[in-house]
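Only one structure is covered here, and it is reproduced in the block below.
Throughout, read-outs are computed from the coordinates displayed, never taken from laboratory work. If you're wondering where the values come from, they're calculated on a predicted model, not measured in any experiment. Cβ: placed from backbone, ideal geometry, glycine included. Neighbour counts: every protein chain shown.
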Amino acid sequence: MDKKPKSVFPGAKNLIENLTGNTEEFSMEARIFHAACLVSMAATLCNIPWNYFIGVPSLSFLMTILLLVTAFIYYYSRYRRKLNMSFFLYCLASNVFIALNYQQNSGINGPGLLIFLLSLFLVIAIAPKIQFWFWLPANMILVGILLTLEYKYPYAVTNTYKRLADRYIDFGYSYLVIGILIASVTLYIRDSYNRQRLALIKKAEELESTNATKNKLFSIVAHDLRSPLVSIQNYLELLTEYNLSEEEKRGVELDLLEKTKHTGQMLSNLLSWTMKQMEGVSVKLEELNLAATLRPVLLLQQPIALEKCITLKNEINHEARVVADANMLQLVLRNLLSNAIKFTPSGGEIVVGTEFQGRHWLIFVRDSGVGIPMEYQDRIFSLKMQSTFGTKNEKGAGLGLILCKEFTELQGGTIWFESATDRGTTFYIRLKGCGSYNEDSAASAVLMQKS
């Protein structure tokens, strides 16, 4: 499974998300607007001492007022959830202050037009649709009015540059700040777009999985569960219409009994899986003795194995203790054993045992059955796998191994298998062990048990 790369600066990412708003509560437009407000405040804060440095204290005063206004607008949108009104106030304030900056800072000879262009970029990038077509022409009309007024009344514009070098320095500084602002907002927009795109892809995958679940359920209800009911109905019709011999009745009854057994297992899996899909499953992890926990499952499966003349061996270590959910673990083993019996021919052998691996215990179910063909092995734990008939035409719903995988992982374990056609299959479950375990004494106990 591909792992999602971790962020290099997770703390910074969380801080940005807290400042701009999370994706569950705020739209992408709102988050981009909040980011633009924060970047604007940072740029304005830098401009306050800069204007003092170039000898324009009146602009520093204007920038201080603009900083306070922008901070209020950010608060009004982020915490009062008034996006449309906040954006209107933001555009109104920025246009007024930029116009004043244009008049106070050398007009066309200053960086005012660059700042107007930045304002236009922000309008294009983050304006709500309802306000876009108002502020876009408003920005252009305002620039046209200022240029016309300056052309007719050039002395109305204050020239703040005492030296030519001051003009070059101011332009260079303005270009740098505006470039950083545009880059910051653009990167945030791209990041927000990518995150939204990934969220949509995830939702599409979940929808596809839901459809697959629905189709699987309909398939089971329409065919696998209906089939034994139809058989029972046919049998009852035969009893009412024909006089069957005792031998014929016995044959039909045995066939119905076999189908009913498999239908019960199928229905149990179906209910467990459906409950997990619809409601989720609570996991109760506790320290368990494997031999004691799995003994009831082996006792229930023993008669089913004997009916097919299959030897079922129990080689579970009596000292094996794991952290698991008893009901889930029993369901997993029941399905693995049911599958092993289903695909093992008469005269075969199934072994359930354990191995100690460091801090974990390995449970294995090994059979001498028909094996899993190579072309099916990559989808054995998925809904794409279709149920197949066993060695005595046993039928399942194709949910058993899916449940095994999901329930094993819910317990913090892993499951996998090894298989070869006509050479049998071994399923492995690895679970976290608990308590102390001495391998040497355990090996002696196993030898004594075998002798």
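When the scattering of the stretch 70-141 is computed by the Debye formula from its Cα atoms alone, each counted once and equally, what is log10 I(q)/I(0) at q = 0.15, 0.25 Å⁻¹? Per q value, in the given order, log10 I(q)/I(0) is -0.51, -1.12.
Extension gain for residue 148-residue 357 works out to 66.9 nm (0.36 nm per residue, less the C-alpha to C-alpha distance). Model label sites at residue 117 and residue 84, defined 7 Å from Cα along the beta-carbon direction, differ in position by 3.3 nm. Between residue 158 and residue 28, the FRET efficiency from the beta-carbon distance, with R0 = 30 Å, is close to 0.15.
Each label was represented as a point 7 Å from its Cα along the Cα-to-Cβ direction; for residue 195 and residue 131 these points are 2.1 nm apart. Spatially, the stretch 326-366 and the stretch 283-317 are offset by 8 Å when compared through their Cα centroids. Taking the average, over residues, of other Cβ atoms within 10 Å as the packing measure, peptides 424-434, 69-79, 351-361 rank 424-434, 69-79, 351-361 from highest down.
Separation of the alpha carbons by more than 24 angstrom is noted, of 284/313; 202/405; 249/313; 249/308; 82/129, for 284/313; 249/313. Applying a DSSP loop filter and a limit of 10 other Cβ atoms within 10 Å to the trypsin sites (Lys or Arg not before Pro) in the stretch 148-179 leaves 162, 163.
Fewest neighbouring Cβ atoms within 10 Å first, the residues 416, 135 line up as 416, 135. A simple spin-label model places pseudo-atoms 7 Å from Cα toward Cβ; at residue 246 and residue 171 they are separated by 11.4 nm.
Ranked by how many other Cβ atoms sit within 10 Å of their own Cβ, fewest first, the residues 170, 191 fall in the order 191, 170.
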